[in-house]
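Every number in this text was worked out from the coordinates using simple rules, so none of it is lab data. This structure is a prediction, so every number in the text was calculated from the model and none was measured. Cβ: placed from backbone, ideal geometry, glycine included. Neighbour counts: every protein chain shown.
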Amino acid sequence: MNNRQSKILEAIAKQQRIEVTDLAKRMDVSPVTIRKDLDQLEQRGLIRREHGFAYIETGANDGTELVYNYEIKRRIAQAAAASVEENETVMIGCGSCCVILAEELAHTKKDVTIITNSVFIANYINKAPHGNIILLGGYYQRNSQVLVGPIAQENAQMFSPNKFFISASGFSEAFGFTGDDYLRAQTIQELAKQARQVVLLFDSDRFSSNGVVKMASVESVNVMYTDDRIPPEKEAYLLQNNVQVHKVPSPKAT
């Protein structure tokens, strides 16, 4: 995804629905160029089109979530991707930051192998030049395009990756990192047992949110990649609990 397309996503995210001609003016390009960008974004499941407009389709899936804070998530994912070596096998969970991480790896690491329970991720990077994909089986949640349950957990026991990259919906000191779906959270907890290191991708806005189900305790997370808007008290708490915190600059800070 190029820089203009990233800005297009941010503009659509702010307004939910926007005219193509308005986008062309904002990006200082022709409507023809904008339509080509929108075509590519729609093919990837990030936006929807109707005559003269582009909009975000409502629904709880990683494609919808990708649109929000995309640039921050991209920076977080790129920083996390730098920790992955060529020929390494990693496990990646669901979530918008995880999608961008998988895309980054599939475009920059020639021989990386990605184990995932996300059908969305497998489809999203299907045409990328690199990256081997191992898709875990399990019960298929149609809306989120994620495989969950005992079959996914049993299949994961065949592997022992160095790193398991996850994301979460919210955080509280009392509960840890949280999600919004019990089966997905339970599956992530079980998959995490197979990895030597659990790495959390978490944009700072999520510190003000709290999901309904526990996904990972603070003690189970080894490394966090976030942005420099993380509340100082949250960072101090994580450091006190032996979580390595890596911060990327937010767009406003550059």
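Total lysine pairs in the stretch 127-246 at Cα distances under 23 Å, for residues eight or more apart or on different chains: 4.
I'd like to know how the chain sits against the 2.2 N^0.38 Å rule of thumb: what's its Cα Rg over that expected value?
Details: Rg = 18.0 Å, N = 254, 2.2 N^0.38 = 18.0 Å.
My calculation over the Cα atoms of the chain gives 1.00.
Report the Rg/Rh value for the stretch 3-58, based on alpha-carbon coordinates and the Kirkwood definition of Rh.
Numbers: Rg = 9.7 Å, Rh = 10.8 Å.
With Rh from the inverse mean 1/r over Cα pairs, Rg/Rh is 0.90.
Considering only alpha-carbon pairs that sit under 8 angstrom and 6 or more positions apart, the relative contact order computed for the stretch 70-253 is 19 percent. Using Cα centres only, tell me the gap between the stretch 111-178 and the stretch 32-106 in whole Å. Between the Cα centres of the stretch 111-178 and the stretch 32-106 lies a distance of 15 Å. At q = 0.10 Å⁻¹, what is the base-10 log of I(q)/I(0) for the stretch 89-177 according to the Debye formula with one equal point scatterer per Cα and no solvent? Please give it to two decimals. Normalising to I(0) and taking log10 leaves -0.25. Relative contact order of the stretch 3-58, taken over Cα pairs closer than 8 Å and 6 or more residues apart, is 38 percent.
Output the peptides 66-72, 31-37 sorted from most to least packed, where packing is the average of other Cβ atoms within 10 Å over each peptide's residues. Spell out each step's value before the answer.
Details: 66-72: 21.6, 31-37: 15.7.
Taking the mean over residues of other Cβ atoms within 10 Å, the ranking is 66-72, 31-37.
Do you know the relative contact order of the stretch 96-190, to the nearest whole percent, from alpha carbon pairs under 8 angstrom that are 6+ apart?
Values: 128 pairs, mean separation 21.0, N = 95.
Relative contact order, the stretch 96-190: 22 percent.
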